[in-house]
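Enquirer: Mind having a look at this structure? Questions to follow.
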Amino acid sequence: MKMWSGRFRQPLDPDFERWQRSFEFDRRLLVYELAASGAHARALKSAGILSSDELIGILQGLRQIGEKAAASPAFLEDEEAEDVHHFVEKQLVALIGETGYKLHSGRSRNEQIATDLRLYVRAAIDQLRHELAEWCGVLVDRAEQAADSAIPAYTHLQKAEPVLVGHWLLAYVEMFLRDAGRLADCRKRLNVCPLGSGAAAGATLSLDRDFIAGNLGFDDATANSLDATSDRDFVLEFVSALSLLAMHLSRWAEEMILFSSQEYGFLGLPEAYSTGSSAMPQKKNPDLLELVRGKSGRVLGHATALMLTLKGLPLAYNKDLQETQEPLFDSSDTLLQMLPLVTGWMKAVEFHEERMGEAAQSGFMNAWAGATYLVKRGVPSRLAHERIGKAVQICVERNCELQDLTLEELRSLSPAFAEDFYESLSLSSVLAVHDVRGGTAPARVRQAVVAARQRIESLREEVHAHA
Ligand code: ARG
C-alpha cells in the first residue's frame, strides 16, 4: 500500500513512478531510519497511542528488518518501495500485521528524512575523523623518520630556502587537522533532532521531544518545525568541509606527482599503488595520486550542486530536497575510500633523501641566510639584500654557488664579509637560523612533531568518545 493513495483516483504514470523513487539510494539510511523509528515508537507509547504489547511488537519488527537487511542485500531489492520510509512500513506490516501502520502516527516523512540524514552525516563525520587521525599519524611518522634530511621549499615554484623534510610534511598535517576541526564544528551544529516537527507545523501528538532526541544521541531537539523539516545546511556544511579536505588532498597529490617526476626525482613511487603503460614499457605512473586530484573535482562540484539546489527553496519541505542525498553520499564515499589509500601510499613511498638534499643545497637557497649574516654584522637589511644579490649575479655568470666566491671577491662587495661567512652558508647553518616557533630549525621541527602527535592523540580521543 502506498503511503498516500487515499486521495488519488488514478495510478501513477509508471515512468514517473520509477523516476521519483529514492529507495535506490536512500536504502543506505535504513539503520538510521530504524533507530529513529524505534525512538518515535517509544514516544508514541508514552503519549498513549501504542499499548505496551504494540510497542514490543513494533520494536521487534524493526529489529528483524535490520537483521534481514544485514543478512542479505537481496532483502533490499524492492521495486515497489518509494523510499526507505515506505520500505520500513511495508516490511513492518508484513512482519507484524496492521499494528505496523500505527508507527506512522503523528509523524511525517519530512521530519524522518531530516533526522536520518543528520544521523548519517554524524556517523560519516566520526568515521572520517578517525581516518584523518590515521592519515596524519602516518605523515608525522614519516616526518620523524626523515630526521635531518632537507628538501627545497619553493615559492612561485622557484627554489626558495631549504627546509627539513619533516617540516614540509608537517605543513600537510596542519591542513588535515584543520579539516578534522571543521568536521567537528559541523558535527556540533548538526546534532539536534528534527523528530516531533511533523510535516511542517510540529507534531499533532504530544510527543516527548527531549526523550526522542536523547534516545538518538542528539544534544537537543530542533527549535522550529519549519526550519527543521527543510534545513539541509548541515549537508552543505559537511560537503563544503569535504571539498576543502579534497582540495588539500589534491594539492598534496599534485606535489607528490611533481616530486616523483624524473626532473625532480625526490620520490620513488610505490609499485603497489602505481600502474604501467600498455604502450610504453618503461612507465610507472602515479595513478593513485592522479585519481585523488581528479576526484577532488567531483566533491567540489557536489558542494556547488547542493548550494544551487537549496538556494531557491521557499519554506518548508520541498521534494527538491531529495536531490541533496546523492551528492552527499558520493562526497562522503569518495573521501572515505580515498583516505585509507593515501595513508597506505604515504607509508610506502620512498624518499630519495640524497637527491632532495642536493637540491636543497644548490640554486642559492642560502642567499637569504647570507644576507642575514650581513644584517647581524650591522649592514642595513636592504643593502645586505642588494650585496648578496650582486654576489648571486656574479655566481650566475660563472655558474657557481655563493660559497665558491673568494673572500677577496666578497669583500670587494662589502667589508662586512669575513671567514665565518662560509659557515653561515652551510645547509645546517641555514636550517638552524630559522629558529622560531613554526620554523624549520631542527630543534623546532622536533618539538613540532611532538606537538602534532599530541593533537592527533586528542583527535583520536574525541572520536573514541563519540563511538
Ligand atoms: N524521499 C523523500 C526525500 O528524500 C522523503 C520525504 C518525502 N516527503 C514528502 N512529503 N513527499 O525528501
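The values are calculated or read from the model by the stated rules, or taken from the named source; none is laboratory data. Just so it is clear, the structure is predicted and the values come from calculations on it, not from any experiment. FYI the Cβ positions are ideal-geometry reconstructions off the backbone, even for glycines, and counts take in every protein chain you see. Remember, those area values only see protein heavy atoms, side chains included, never the ligands or the DNA or RNA. Shrake-Rupley method; radii C 1.70, N 1.55, O 1.52, S 1.80 Å.
Enquirer: Would you mind computing the Rg to Rh ratio of region 322-467 from its alpha-carbon coordinates, Kirkwood style for Rh?
Expert: Reported Rg/Rh, Kirkwood definition of Rh: 1.21.
Enquirer: For residue 153, which sequence-distant residues (separation of 5 or more, or a different chain) have an amide H within less than 5 Å of its own amide H, given hydrogens modelled in the peptide plane?
Expert: 160, 161, 163
Enquirer: Pairs of Cα atoms under 8 Å, at least six residues apart: use those to get the relative contact order of the chain, whole percent.
Expert: 17 percent
Enquirer: On average, how much accessible surface per residue is there in region 66-148, in Å², for a 1.4 Å probe, leaving out ligands, DNA and RNA?
Expert: With all protein chains present, region 66-148 gives 37 Å² per residue.
Enquirer: Then there's this: How big is the gap, in Å, between the Cα center of region 288-337 and the Cα center of region 87-161?
Expert: 14 Å
Enquirer: Under the 0.36 nm per residue contour assumption, what length would be gained going from the current alpha-carbon distance of residue 147 and residue 206 to full extension?
Expert: 14.8 nm
Enquirer: A further question on this structure: In this model, which of 159/295; 45/90; 90/188; 2/311 are farther than 24 Å apart at the alpha-carbon?
Expert: Going by Cα-Cα distance, 159/295; 90/188; 2/311 fall outside the 24 Å limit.
Enquirer: A follow-up question, please. Hey, if you put +1 on the Cβ of every Lys and Arg and -1 on every Asp and Glu Cβ in region 208-332, which of 302, 332, 282 ends up farthest toward the positive end of that dipole?
Expert: Positive-most Cα among the choices belongs to 282.
Enquirer: About its Cα centre, how strong a charge dipole does the chain have in debye, to the nearest 20, once Lys and Arg get +1 and Asp and Glu get -1 at the Cβ?
Expert: Dipole size: approximately 780 debye.
Enquirer: So which GluC sites (Glu not before Pro) in region 66-160 end up in coil per DSSP with only 11 or fewer other C-beta atoms within 10 Å?
Expert: Those satisfying the criteria are 77, 79.
Enquirer: How large is the dipole of region 8-115 about the Cα centre if only Lys and Arg carry +1 and Asp and Glu carry -1, each at its Cβ, rounded to the nearest 20 debye?
Expert: In total the dipole reaches around 480 debye.
Enquirer: Step by step: find N for region 171-276, compute 2.2 N^0.38 Å, then divide the Cα radius of gyration by it. What's the final number?
Expert: For region 171-276, the normalised Cα radius of gyration comes out at 1.70.
Enquirer: Another one. Which is farthest toward the positive dipole end of the chain among 264, 14, 234, measuring Cα position about the Cα centre, with Cβ charges +1 (Lys, Arg) and -1 (Asp, Glu)?
Expert: 234
Enquirer: Next up: Radius of gyration and Dmax for region 263-380's Cα atoms, expressed in Å?
Expert: Over region 263-380's Cα set, Rg and Dmax evaluate to 23.9, 72 Å.
Enquirer: What value in Å³ per residue do you get for the convex hull of the alpha-carbon atoms in the chain?
Expert: Cα-based convex hull of the chain, divided per residue, equals 199 Å³.
Enquirer: Can you check how the C-alpha radius of gyration of region 298-350 compares to 2.2 N^0.38 Å, as a plain ratio?
Expert: 1.61
Enquirer: Please report the carbon-and-sulfur percent of the accessible area for region 358-467; probe 1.4 Å, protein heavy atoms only, DNA, RNA and ligands left out.
Expert: Roughly 55 percent, rounded to a whole number.
Enquirer: Over region 227-327, what relative contact order in percent results from Cα pairs under 8 Å that are six or more residues apart?
Expert: 37 percent.
Enquirer: If I require 15 Å or longer along the helix axis, counting alpha carbons, and a Kyte-Doolittle average no lower than -1.0, what helices from the chain are left? Use full DSSP H segments.
Expert: Once both thresholds are applied, what remains is 30-46, 52-71, 84-96, 109-145, 165-190, 233-260, 287-310, 325-348, 381-398, 442-466.
Enquirer: Note down the magnitude of the dipole of region 231-301 about its Cα centre, charges +1 on Lys and Arg C-beta and -1 on Asp and Glu C-beta and zero elsewhere, to the nearest 20 debye.
Expert: Using only the charged Cβ atoms, the result is roughly 200 debye.
Enquirer: Can I ask one more? For region 1-63, what class follows from the C-alpha gyration tensor (a ≥ b ≥ c being the square roots of its eigenvalues): rounded when a/c is under 1.5, otherwise prolate if a/b is larger than b/c, else oblate?
Expert: It is oblate, given that a/c is not under 1.5 and a/b is not larger than b/c.
Enquirer: Return the Rg/Rh value of region 114-179, two decimal places, where both radii are evaluated on C-alpha atoms and Rh is the Kirkwood radius.
Expert: Rg divided by Rh gives 1.22.
Enquirer: On to the next question. Using only the alpha-carbon atoms of region 371-450, report the extent along each of the three principal axes, biggest first, to the nearest angstrom.
Expert: 46, 28, 20
Enquirer: Could you put 411, 232, 142, 293 in order of accessible surface area, largest first, with the 1.4 Å probe and the full protein assembly present?
Expert: So the residues, ranked largest to smallest area, are 411, 293, 142, 232.
Enquirer: Let me ask something else. Expressed as a rounded percentage, what relative contact order does region 282-408 have, with Cα pairs under 8 Å and six or more residues apart?
Expert: Relative contact order of region 282-408: 17 percent.
Enquirer: Same structure again: What is the packing order of peptides 27-38, 456-467, taking the mean over residues of other C-beta atoms within 10 Å and listing the highest first?
Expert: Peptide ranking by packing, descending: 27-38, 456-467.
Enquirer: Can you give the Kirkwood hydrodynamic radius of region 48-200 from its Cα pairs, in Å with one decimal?
Expert: 20.1 Å
Enquirer: Using only the Cα atoms of region 1-114, what semi-axes does the equivalent ellipsoid have when each is the square root of 5 times a gyration tensor eigenvalue? Give whole Å, largest first.
Expert: Three semi-axes, in Å: 23, 17, 12.
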